[in-house]
């Protein structure tokens, strides 16, 4: 993840088959535009008849410059966020995003549920 002021660029790559790699680049302005992953994970759990996903968030670093990371548990499997978020909500969104991508890879959910809201797809 790269930051340039408040604009965040993130790339997510999914392997479709041995010859196709789909990459999504999303641009997020602050945290407010990325609340969709927790909602999508919650919807998946409800549709699948599963318990509500459970989030555990850890605050690290000095109090004047905290860093957050989170883990979400779905179907007794733990999914860890990327490290180094500046707030709890962003860390939880990252954990939910990781869970959605991994569940999509495993064929548990359809691919459209795990895709970012804003994406640019390219095929290699």
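All of the numbers you see were taken from the coordinates with simple rules; none came from a lab. Keep in mind the model is a prediction, meaning the values are calculated, not measured. Cβ sites come from the backbone with ideal geometry, for glycine too, and all protein chains shown count toward neighbours.
Here the gap between residue 48 and residue 73, fully extended at 0.36 nm per residue and compared with their Cα-Cα distance, gives a gain of 7.5 nm. In terms of packing, defined here as the mean over residues of other Cβ atoms within 10 angstrom, the peptides 45-57, 85-97 line up highest first as 85-97, 45-57. Relative to the current alpha-carbon distance between residue 63 and residue 105, full extension at 0.36 nm per residue lengthens the span by 11.4 nm.
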